[in-house]
Amino acid sequence: MKRKQFIKNAALTAAGSMVVPYILPSGRLFAATGSRRANHVVFCLFAGGVRNLESVYKAEGNLMRNTLSGTESISPDIAPGITQLPLIASSPLQTQGTLYKEFRYANGPTGHYNGHTTAITGRYSDESIQLKQPPKYPTIFEYYRKHTSPTTSALNAWWISNQLGPYPYLNYSMYDGYGPAYGANMIQPTSIFNGSSISVLGDPLAISQAERNKCDMMRDFMNGQFKVPQQAASSGIVNTPQDAERLQVFLQNQIAQLSNIGDPWGNGAMTGDMINVYFGIEVLKEFKPELMVINMTDIDIAHFDYTKYANAIGVADYALYKLWQAINTIPGMAGDTVLIAVPEHGRNQISNSVIDTYGRYALDHTSDEMSRKIFCLMAGKGVKTGQVLTVDGQGNGIGQSVDVVPTIANILGIDNEIPFGMMEGRVLNEAFS
Amino acid sequence: MKMRYSALILLAFLWLTGCNKEKRYVYEVQPQELYQNAAQKQYLKTTDQFISIAYTHLFNASITNNELNKINVALLAVGDKATIQDMIVKNMIKDVQTISNNDMRADLPAFVDQTYLRFFNRKPNEFEAWKLKDLVEKNADITPKMVYYSMMTSNEYRYY
């Protein structure tokens with residue numbers, strides 16, 4: 001071999017040996033280099049449409065005593081309609097983190113699904129949004145799973161939805177290069193954990209491990225003979241066989257325990273929001289996911305009953321703090337989690353004509369200025385404590401709905417991996433110490 | 001006259017040898033179109049379709065609306081459809097009456113044929129027939145229910 005050729009080959013080999021170890025299974029050349037602020041994020045959509053007037057500005061007194069500082073008493077005329085849940089926070093969440101009091105849902109219709117989609121994709125939506133389709137743009141779950149290196153299990157990303165309808169579609173998008181392969185596991189607890197599910201799922205055929213292996217062998221053969229059609233509709237998120245088994249055991253155990261659950265929080269009846277958070281906590285305990293989005297929607301009773309709306313805000317506040325308490329007791333999550341709570345949108349300044357038993361008028365949300373005003377609360381690892389942010393030097397509210405996704409991406413160290421221009425918002429850096 | 005006669009013969013010839021529509025057999029017991037192969041299945045079953053077809057395949061009866069609704073809600077409530085379908089099938093299959101293990105093994109080729117027809121709405125090809133028969137023969141602990149369960153939780157069963 002000629003000397004020149006030898007040197008060239010040697011140089012190529014050396015370069016290759018340096019580069020090859022960094023070619024990842026995902027096909028990217030380098031591993032994610034962003035450092036993480038925390039290893040877990042729980043994003044709670046304090047949803048249903050909440051006006052800042054009743055939440056952070058306490059127009060009816062402090063309805064959120066576990067979240068907000070202050071002892072303002074409830075307006076006497078609606079006080080009989082407010083359930084007195086125990087104060088469980090030793091200090092309000094606000095003092096444990098950063099509160100944005102003038103956060104904004106700046107663009108797009110103030111619809112629940114629009115608001116949810118914006119919060120989960122980091123992009124404002126418009127009237128063209130489809131209710132029976134996944135979102136157009138990638139969700140935070142897909143960003144997280146695609147750009148985290150090494151690639152993470154789907155059991156590390158969860159969407160806990162309070163309702164069926166369009167909401168289950170929010171666990172992945174239709175965006176090219178993302179989609180179900182990077183989506184989150186999703187459950188809608190009140191539909192899967194109830195009396196009906198005991199009858200249809202609670203008594204399965206018992207299959208031993210040896211029998212399961214034989215069934216897997218037959219199924220693998222059959223699957224090998226069938227080519228899944230490319231053009232068929234997506235069949236959704238897919239877990240690895242091991243993860244699917246873990247998921248099934250979890251679901252089966254929860255169903256088996258349903259008849260013994262009773263009143264787990266000891267406050268009488270559990271509302272829909274409480275049930276959603278309860279099972280969200282069960283997911284946290286079992287899987288310790290790095291990313292969970294969970295919502296509450298009972299507050300939407302505001303369309304028909306103002307006092308029940310005010311009451312639901314208090315219940316959601318209680319459930320949110322239960323979630324925070326759980327996070328802080330789960331090994332692996334305690335001290336290494338950031339909690340973010342944001343309503344999907346607000347409600348109108350002007351009430352509608354529906355009057356409740358306390359003489360109060362109900363509230364819709366039709367994109368007026370008040371329905372764009374929301375709050376954002378962040379607490380946990382690396383978040384400044386006791387900070388309250390309102391407006392900037394120009395009098396504009398600080399922070400927007402679309403900022404949550406980039407902020408989560410930043411916390412999990414993947415924001416620099418996401419292609420430029422995909423997200424509309426910015427990282428809420430001022431919240432971090 | 002001769003030309004008219006020739007034209008008639010030509011037409012008859014063309015009619016007999018021209019393109020035929022692909023055959024899809026229809027059996028009379030319960031009107032059901034059979035697939036000629038798995039590749040003809042191009043569409044994902046809806047949740048309603050999956051549940052009602054599974055119920056009919058197992059119990060040879062239609063599922064009640066109430067039961068369909070209960071199972072449908074459970075299916076919609078879990079993102080991993082394969083996992084929840086697996087759970088649903090395991091619950092349904094528990095109560096199904098099957099032939100005995102001995103009866104299955106007494107005429108395995110017939111069992112394989114019938115089971116493919118029952119669940120996949122098609123006949124197995126030669127390789128499939130041989131392979132499944134071979135798997136069951138070599139594993140004495142495989143029961144009819146296990147074969148049903150494997151088929152109903154396979155990818156092919158999710159499509160039509």
**Study point:** Hits in segment A:414-423 - residues which are surrounded by fewer than 20 Cβ atoms within 10 Å (Cβ to Cβ) and in contact with a Gly (Cβ under 6 Å, 6 or more places away or on another chain)
**Key:** A:Asn416
Revision key, fill the gap. By my count, helices (runs of 4 or more DSSP H) wholly in segment A:130-239 with at least 1 residues that are more than 9 Å from chain B (Cβ to nearest Cβ), closer than 27 Å to B:Thr143 by Cα and out of contact with any strand residue (DSSP E or B) (no Cβ under 7 Å at 6 or more places or on another chain) are A:195-201, A:209-225
Check your understanding: Could you say whether any residue in segment A:326-333 is in a loop (DSSP other than H, G, I, E, B), under 30 Å from A:Gly382 (Cβ atoms), in contact with a Ser or Thr (Cβ under 9 Å, 6 or more places away or on another chain) and among the polar types (S, T, N, Q)?
Key -> yes
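Across segment B:53-85, what is the number of residues that are acidic (Asp, Glu) and within 27 Å of B:Glu33 (Cα to Cα)?
We begin by selecting, within segment B:53-85, every residue acidic (Asp, Glu); these are B:67, B:80.
Narrowing the set further to residues that are within 27 Å of B:Glu33 (Cα to Cα) leaves B:67.
Qualifying residue count, segment B:53-85: 1.
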Practice item. Could you please let me know if B:Ala38 is farther than 21 Å from A:Lys132 by Cβ, within 12 Å of chain A (Cβ to nearest Cβ) and either free of Cβ contacts under 8 Å to residues at least 40 places away in the same chain or not polar (S, T, N, Q) (or both)? Key: yes
Point to revise | Output for segment A:298-315, where each listed residue is touching a helix residue (DSSP H, G or I) at 6+ places or on another chain (Cβ under 9 Å) and over 21 Å from A:Arg65 (Cβ atoms) | key: A:Asp300, A:His303, A:Asp305
Study note, to complete from the structure: Over segment B:133-160, the set of residues within 7 Å of another protein chain (Cβ to nearest Cβ), of a type in the set (A, V, I, L, M, F, W, C), part of a helix (DSSP H, G or I) and buried (at least 19 other Cβ atoms within 10 Å of the Cβ) is B:Met146, B:Val147, B:Met151
**Study point:** Filter result (surrounded by fewer than 17 Cβ atoms within 10 Å (Cβ to Cβ) and either more than 9 Å from every other protein chain (Cβ to nearest Cβ) or not in a loop (DSSP other than H, G, I, E, B) (or both)) within segment B:122-132
**Key:** B:Glu126, B:Phe127, B:Ala129, B:Trp130
Review point. In segment A:272-287, is there at least one residue being within 30 Å of A:Asp364 (Cβ to Cβ) and either modelled with pLDDT under 95 or more than 16 Å from the chain's Cα centre (by Cα) (or both)?
Key: yes
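Find the residue count for segment A:84-109, including only residues that are out of contact with any Ser or Thr (no Cβ under 9 Å at 6 or more places or on another chain) and either in contact (Cβ under 8 Å) with a residue 60 or more places away in the chain or buried (at least 23 other Cβ atoms within 10 Å of the Cβ) (or both). So that I can check it myself, show each step before the final result.
As a first pass, look at segment A:84-109 and keep what is out of contact with any Ser or Thr (no Cβ under 9 Å at 6 or more places or on another chain): A:84-88, A:90.
Right, trim to either in contact (Cβ under 8 Å) with a residue 60 or more places away in the chain or buried (at least 23 other Cβ atoms within 10 Å of the Cβ) (or both) and you get A:85-86, A:88.
Residues flagged as out of contact with any Ser or Thr (no Cβ under 9 Å at 6 or more places or on another chain) and either in contact (Cβ under 8 Å) with a residue 60 or more places away in the chain or buried (at least 23 other Cβ atoms within 10 Å of the Cβ) (or both) within segment A:84-109 amount to 3.
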Check your understanding: Which condition does A:Tyr124 not pass, out of (1) facing another protein chain (nearest Cβ under 8 Å); (2) part of a loop (DSSP other than H, G, I, E, B), if it passes all the others?
Key -> (1)
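The values are calculated or read from the model by the stated rules, or taken from the named source; none is laboratory data. Because the structure is predicted, anything quoted here is derived from the model rather than measured. We place every Cβ from the backbone using ideal geometry, glycine too, and count neighbours over all the protein chains shown.
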